[in-house]
Amino acid sequence: FLSFNLGRVAKMAGDRSGAFPQLPFSISSNKQTSNPSSNLTRPVNLRSHSGPSTSSQFLHNGIIHPLTNGMPPNPKSPARKMVNLPPKLPQGFRCPGENHFKRSISFNHMTPMSNPNSAPSNASVCNTTVASSHSGGSISRIAPAAIKRVCSADPSLELGVSSSARHDYHDDNSVYSHKSHGLSSSHGGNSVSNDSSSYYQHPLMNSRFVSTPSNTSANSRRVTSSNASQGSLGNTPRGKQHGGVSASRGAGSSGNASVASFDLMDSAKIKNIAKKKRKEYAKDGRYKAVRRVVDDLNKAIGAEKRKTAIDQVCIEFDHQDETKHNAELYLGAANILCLVLSMSDQEDEICSITSALEMVYRAEREAVIISYHDVGAALIPLLLRLLERCEKGRKVLAEECISNISKVLLYMTRIAELRIPLVGHPGMLAALERVSTLPLSMENRVLRMRILANLANAEGNKVMIFERMSLLEAVMKIATLDKSESAREYASAILMDLASCNTNQIPMARIEKVLATFVKLAVVEDKVETREYAVSGLQNLAFEKKNRIQLVSYGSGVVIEALKKTTSSDSNDKTRRRSAGALTNLACDGTAEKMGNHDGLLTTLAEVSVNDTNREVQQRAALALTKLANSVTVKMKCWGTLLDALIKASQCKYADGIVSAMFRVKTRVEENRTSMAKHPMLLTTLAQMCLQSEDSEPSSADHKDGENATKAIAHLANDPLNHKLICNEHILAALVHGASLGGQEALVTRDAAILAMERMAMEHSNRPMMARYPGMLVTIAKATEREMHEELNGNPVSSATGQPRLAKPLLMSLLVAM
């Protein structure tokens, strides 16, 4: 065979044409050689992940080929048999600068050839390395195939599906988190919301009060379909189908094999899918133009040819067809662009390449995930370094380049499975942190905040982001001072998501700046979503019991005032509902007196429970009021105000019996009875509750209200000081009505009415009035007859309630009084 060294030829060719510098290599004219020593091809040794070795890795001008793992594309090469490489290039692909000899190529050594005339300058976009992985917090310059193996072995890089739990509203146990933010309608993050996983068990009720999901926020705390596992897109902040926590987040990826159906760290399955898709798109005639422009870019030698190829790529890729973008990724566009970008140092060329990258990553979720596994470990560090360079250089095209890079990162962060590994890249959080200090355009500030909002939506990232205090300060600065409404909105969503993490809740509540930011956003902001996120953040912090006194006491009640204002006057139903939920969370024995004494709070809750236009807001305002009332005692200054509020709230049509149940509970306490019997309109209110159940169904709320009100009257009648107070026409009408109810379901109400009459009749001066009240004697006579039948049937007591037979002695005492 003939073997010769073309090092000088490669150097001269690079100097003349502007092509990328070449490596010295040997040409074998005959593959079948009888002398094994003549074949100088060496295997690649990837045992060490700490850094490159010139004796074990093939370097092209210091750059590892991400598509070929630094190896020649010949699948029969001995080196290829020894390493588990990623799927080989589509037919005809070559790395830029590779000489196009038709004979087989063998590399005679591994050291890069020095070519000062044609090598990228020191001011290049980044160091001449495009492959990196996480190892001990540092970037290792190793081939992508090795990176995949490192990621598979490194639990810190595990790509778990985020379960960011975003409760739209859970009474007393609410944790709310936002949905992800993307640019196109194909993606979105995870966050799916099941809104009723926790509930507030009211002490007065036998049944649960479970909040209903808002929107598809059965959230869609969580939609479980593949569509919902992606973030919301659209140019609106949270997409058109916002569901408390997330609504359907865009169309899921199509195809026979879905990435969501298997472990994302299973590189073998990823490779199989990628290989299958690559073959599928390579044979599809519809993507002939895509194959052509990618192949042209791959073969481009020389600055002019490369520039022309990049321009053609930008023209071909500039569309909104997601299926076509999928083909571009599977056919290797991102890999080639990444390699070309790593070797470019011309500002306009860099801008064009990043623009092309932004275009191809408009693809669907599955294609983006597979592309990330294939080239992400090389691409992300490269983009982050380029981003920092653009921010420092501030050249003419810097803002456009920053925008393109930000959009690429945004497309990746809206995919839930990629959020945790993305945060693990060194420099990612530092790049996001710089948003508050750099003179970026409004568009780029908004993009930066959207990226952080998506990352903060992943449960595994929330603690890491919160513990980086400089980043938290940057978010609060944007939330309070930025001129862009959208930037403030995403900052509010970030803080809300951080507050939804149990680990963060206590330390967040102790940071007064966080509370002040939430209050400012909830009250002052014009944008509905911003206020909603801020109120939800306060609700999340109030979920932790240890935070409640801190929140109620902060700023002499400024948090309570903000929630009161939003509950009563905010234009958005969700904001009012969550504000009432936050007040419900805050109500407890330790905070009841401060909240009850807060000017106008009890009255506001009562008015909202009756007058609000939204049914759920009415229900939750009534719930907040009754939970607060459960902890208020007669010795507190707010006792009278509380009774007024409960009287007002009794008119709520959707309270489901909790207000009447609170009256019953309060009358059980002996020290409360006198003040309650003397309170204006309280007895009349109880009487009205009894009478409104006249035509109601046994299972209705009105029937429940009637039973609770009758029991409350009976409790008040147990105090001898109240006998004369409660003997009036309203109470007598209510008791006659209750005692005359038929049916087994009204048994408790009938017995409570007879008991109340018997207690009232113990006051001799009441008997004449009671005996002469219309229907009183007839009702008691019927009760006497029922008791007689029970006695004849051998029942030891009057009824299932265990109450003694009181009707007959009561009837006799009233007849005597007449």
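Stretching residue 558 away from residue 763 to a fully extended chain increases their span by 68.7 nm, per 0.36 nm per residue minus the current alpha-carbon distance.
In this structure, the residue pairs whose Cα-Cα separation is over 31 Å, taken from 653/711; 545/648; 513/594; 574/635; 307/477, are 574/635; 307/477. Each part reduced to its alpha carbon centroid, region 635-686 and region 391-446 end up 57 Å apart.
Would you mind classifying region 645-783 by shape? Square roots of the alpha carbon gyration tensor eigenvalues, ordered a ≥ b ≥ c; an a/c under 1.5 is rounded, otherwise it is prolate if a/b is larger than b/c and oblate if not. Note, shape of region 645-783 comes out oblate.
For each pair in 627/704; 565/678; 283/324, compute the distance between the two Cα atoms and list the pairs where it is over 20 Å.
With Cα atoms farther than 20 Å apart: 565/678.
Computed from the C-beta positions of residue 816 and residue 635, the FRET efficiency with R₀ = 45 Å rounds to 0.60. Carbon and sulfur: what percent of region 649-770's accessible surface (1.4 Å probe)? Ligands and nucleic acids excluded, carbon and sulfur reach 49 percent. Separation of region 345-378 from region 587-630 is 52 Å, based on Cα centroids.
At the residue level, residue 569 shows approximately 80 square angstrom of accessible surface with a 1.4 angstrom probe and all protein chains present. Set the Förster distance to 25 Å, then compute FRET efficiency between residue 469 and residue 442 from the Cβ-Cβ distance, nearest 0.05. For R0 = 25 Å, the calculated efficiency reads 0.45. Here region 272-336 exposes an accessible surface that is 49 percent carbon and sulfur, computed with a 1.4 Å probe and the other protein chains kept in place. Extension gain, residue 275 to residue 728: 0.36 nm times the residue separation minus the Cα-Cα distance gives 154.4 nm.
With R₀ set to 30 Å, the beta-carbon distance separating residue 524 from residue 321 gives a calculated FRET efficiency near 0.10. Annotation: aspartates and glutamates with alpha-carbon distance below 20 angstrom to residue 299 (same-chain offsets under eight excluded): 15, 98, 311, 316, 328, 345, 349.
Extending 7 Å from Cα along the Cβ direction at residue 392 and again at residue 289 yields two label points whose distance is 4.1 nm.
The values are calculated or read from the model by the stated rules, or taken from the named source; none is laboratory data. What you see is a predicted model; the values in this text were computed from it and never measured. Virtual Cβ from ideal backbone geometry, glycine too; neighbours counted across all protein chains shown. What goes into the accessible areas is simple: the full protein's heavy atoms, side chains included, and nothing from ligands, DNA or RNA. Shrake-Rupley method; radii C 1.70, N 1.55, O 1.52, S 1.80 Å.
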